[in-house]
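Worksheet: one structure, shown below.
Read-outs throughout are calculated quantities, based only on the coordinates presented, and are distinct from any laboratory measurement. None of these values were measured; they are calculated from a predicted model. Cβ atoms come from the backbone with ideal geometry, glycine included; neighbour counts cover every protein chain shown.
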Amino acid sequence: MSNVEFDEMLVNNAEFLRPFAITLTRDNEAAQDLFQETMYRAIANREKYNVGTNIKAWLYTIMRNIFINNYRRKARQNTIFDNTPNEFLLDYNQVTTTNAAESTLRMKEIQEAVHTLPEIFRNPFLLYFDGFKYHEIADMLGEPLGTIKSRIHFARKLLKAQIARY
């Protein structure tokens, strides 16, 4: 097949690629770029086209492969678009660390707040905090289930009020 015949066949069968490009990219500008890249690669690789085979399928395959390769390349880059004028922070690997001293102090305050609860609320709450179920706590303390639930509820309310002050 001559170059002229291939070019004619390519031009005659190229228009069906535009809707496919829009379907892949969902953007008119990107679709136009994908279409042009497909046509360029088809012309550059004309010797790989087997005469008599379906040229539409060949062009679809080229376009699909270009799209997939571009998608994978963008995914690997993990580019972050930041419009701030401070370029120093762009792609800067920022790491945060927890302040163990502050969390330890906070935990001590919470424990103190729990131990200042009246015993009637503290015991069911600590058992519940340790993972016991309501009915197990009721059996251990010999109290009705509803009483245990309300005491734990009131303990939570008191703790919330005390801890909110900090």
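Annotation for the stretch 1-77 versus the stretch 129-143: alpha-carbon center distance of 70 Å. In plain terms, the chain from residue 5 to residue 136 could stretch by 38.5 nm, reckoned as 0.36 nm per residue minus the Cα-Cα distance. Sequence-distant contacts, meaning Cα pairs under 8 Å at least 6 residues apart, place the relative contact order of the stretch 105-166 at 42 percent. Working note: Karplus 6.51/-1.76/1.60 with θ = phi - 60° gives the stretch 17-31 the couplings 6, 4, x, 5, 5, 5, 4, 5, 8, 6, 8, 5, 5, 5, 5 Hz, where Gly and Pro are set to x.
Sorted on the mean count of surrounding Cβ atoms within 10 Å across their residues, most packed first, peptides 29-41, 9-21 read 29-41, 9-21.
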